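> The following block contains the structure, expressed as structure tokens.
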Amino acid sequence: MLELRHEFPLADLLHVAQLPRSMFYYQAKVLLLPGRYDELKAKIQAVHAEHRGLYGYRRITATIRRDGRQVNHKTVQRLMNKMGMKSRVRVKKTGLIRASSVRQLLTLSTASSLHRKRTRSGLRT
């Protein structure tokens, strides 16, 4: 409506949109005001980028609190959802063993078990 205001009279635009004049001016004023969480959003984006997207809302909240700013974790979570930021889940490295290594381990363990003899007190080498 702000763009059309320069082409058509404001009274006609408000009549077509069925909006009161006060609401138009209130919304125009609100659009010009800085957002309540603009500074926090910038901080969240900075921490998220610094840690390559691996930090979720809990760790981001803890980092911001360590910097001295009091912030609720629910606020950080809500802002991250609005900005479309999600933490990437790191794939945990498992001890992958190659097939050749498994064969070597099996041959070693079976060979060592063949050399042991069973006695009454237990295993004897």
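The values are calculated or read from the model by the stated rules, or taken from the named source; none is laboratory data. Note that the structure is a prediction, hence the values are computed from the model and not measured. All Cβ positions, even for glycine, are placed from backbone atoms using ideal geometry, and neighbour counts span all protein chains on display.
> Considering only region 46-88, how many residues are in contact with a Ser or Thr (Cβ under 9 Å, 6 or more places away or on another chain), surrounded by 13 or more Cβ atoms within 10 Å (Cβ to Cβ) and part of a helix (DSSP H, G or I)?
Counting residues in region 46-88 that are in contact with a Ser or Thr (Cβ under 9 Å, 6 or more places away or on another chain), surrounded by 13 or more Cβ atoms within 10 Å (Cβ to Cβ) and part of a helix (DSSP H, G or I) gives 11.
> Considering only residues of region 27-45 that are of a type outside the set (Val, Ile, Thr) and at pLDDT 90 or above, which is surrounded by the most Cβ atoms within 10 Å (Cβ to Cβ)?
Of everything passing the filter in region 27-45, 43 is surrounded by the most Cβ atoms within 10 Å (Cβ to Cβ).
> I'd like to know if region 54-65 contains one or more residues that are under 30 Å from residue 1 (Cβ atoms) and outside the structural domain of residue 2 (by TED's automatic domain parsing). Before the answer, list the steps.
In the first step, residues of region 54-65 are kept if they are under 30 Å from residue 1 (Cβ atoms); the result is none.
Looking for residues that are under 30 Å from residue 1 (Cβ atoms) and outside the structural domain of residue 2 (by TED's automatic domain parsing), one finds none in region 54-65, hence no.
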